[in-house]
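The values are calculated or read from the model by the stated rules, or taken from the named source; none is laboratory data. Not measured: the values here are computed from a predicted model. Cβ placement follows ideal geometry from the backbone for every residue including glycine, while neighbour counts extend to all protein chains displayed.
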Amino acid sequence: NAGVTQTPKFQVLKTGQSMTLQCAQDMNHEYMSWYRQDPGMGLRLIHYSVGAGITDQGEVPNGYNVSRSTTEDFPLRLLSAAPSQTSVYFCASSYSGLAGRFGYEQYFGPGTRLTVT
Amino acid sequence: LAKTTQPISMDSYEGQEVNITCSHNNIATNDYITWYQQFPSQGPRFIIQGYKTKVTNEVASLFIPADRKSSTLSLPRVSLSDTAVYYCLVGDFDMDSSYKLIFGSGTRLLVRP
């Protein structure tokens, strides 16, 4: 199993550009999520999905869109990049959205480091 | 939402035992407490989780008192490679009834030779 994969590893965007961060998992997990991590900070939840066709907002959703057409893939779209979106983005997956309730582990990807100038 | 509080940083020396305590006053009755480890430029990695009393695996132990308002991650005989940020996670239901796992700011552990 490759686990959770993310592409690209690094990206530089100019203000106003759009792009899609890719995330895929091969563990047949229903739950997938996107986090952002700013320097010296913990992870903040952007969007999550409890299954194909179902997405919802996390703590910091503004400026980002997601969709989930398959169990495996959960892309994150930046609509119009802003310098405030400079961050490291992590995708994660788990057997269930109730990971903390039932003790399921979350698996994280290696991250995408995004710089917006 | 439930909130976790951990020390911002800790220093230790190789071979010592390190204990990192996390407080989580609002944890739901049935929820697990989970700890993750994160190295620079990597995603967080699961270390251990528990529901009550004590849990031990090959890398750490987790102590949870009866009131479950805190938990302590214990790393026996740390090495330089244990230098990382450690996060304590609990879950909670948001106002829209969606369940979310909460990351705090983490504890930055530095192990010195």
* Taking B:THR34 and the conditions (1) in contact with a Ser or Thr (Cβ under 6 Å, 6 or more places away or on another chain); (2) assigned to a strand (DSSP E or B), which numbered condition does it fall short on, given that it satisfies the others? -> (1)
* To do: Scan region B:1-13 and report the pairs whose first residue is farther than 21 Å from B:LEU101 by Cβ and whose second residue is modelled with pLDDT of 95 or more and part of a loop (DSSP other than H, G, I, E, B), with Cβ atoms within less than 6 Å and a gap of 6+ or a chain change.
  => B:SER12/B:VAL78
* Matching residues, region A:51-66, being buried (at least 16 other Cβ atoms within 10 Å of the Cβ) and either more than 14 Å from chain B (Cβ to nearest Cβ) or in contact with a helix residue (DSSP H, G or I) (Cβ under 9 Å, 6 or more places away or on another chain) (or both) -> A:ALA52, A:TYR64, A:VAL66
* Does A:GLU30 satisfy being under 24 Å from B:SER97 (Cβ atoms), acidic (Asp, Glu) and facing another protein chain (nearest Cβ under 9 Å)? -> no
* Asked: Which one is farthest from the chain's Cα centre (by Cα), of the residues in region B:48-62 that are modelled with pLDDT of 95 or more and within 30 Å of B:ASP94 (Cα to Cα)?
  -> B:SER61
* Does A:THR70 satisfy the condition of being hydroxyl-bearing (Ser, Thr, Tyr), away from chain B (no Cβ under 12 Å) and part of a strand (DSSP E or B)? -> no
* Residues of region B:50-59 that turn out to be within 10 Å of another protein chain (Cβ to nearest Cβ) and out of contact with any Leu (no Cβ under 7 Å at 6 or more places or on another chain), as a count -> 1
* Do you know which of the residues in region B:63-106 that are in contact with a Leu (Cβ under 7 Å, 6 or more places away or on another chain) and acidic (Asp, Glu) is modelled with the highest pLDDT? -> B:ASP82
* Structure fact -> Here the residues within region B:71-91 that are crowded, with 19+ Cβ neighbours inside 10 Å and within 16 Å of B:LYS3 (Cα to Cα) are B:SER71, B:TYR86, B:TYR87, B:CYS88, B:LEU89, B:VAL90, B:GLY91
* Subset of region B:92-104 [buried (at least 16 other Cβ atoms within 10 Å of the Cβ) and outside any strand (DSSP E or B)] -> B:GLY104
* Asked: Which residues, counting only those in region A:33-50, are in a loop (DSSP other than H, G, I, E, B) and either in contact (Cβ under 8 Å) with a residue 24 or more places away in the chain or away from every other protein chain (no Cβ under 13 Å) (or both)?
  -> A:ASP38
* Structure fact -> When region A:78-117 is checked residue by residue, the ones that are at pLDDT 90 or above, part of a loop (DSSP other than H, G, I, E, B), surrounded by 19 or more Cβ atoms within 10 Å (Cβ to Cβ) and within 9 Å of chain B (Cβ to nearest Cβ) are A:GLY109, A:GLY111
* **B:THR72 under 19 Å from A:MET41 (Cα atoms) and either assigned to a strand (DSSP E or B) or touching a His at 6+ places or on another chain (Cβ under 6 Å) (or both)** => no
* Quick one: is B:ARG77 at positive phi, within 14 Å of chain A (Cβ to nearest Cβ) and not in a strand (DSSP E or B)? -> no
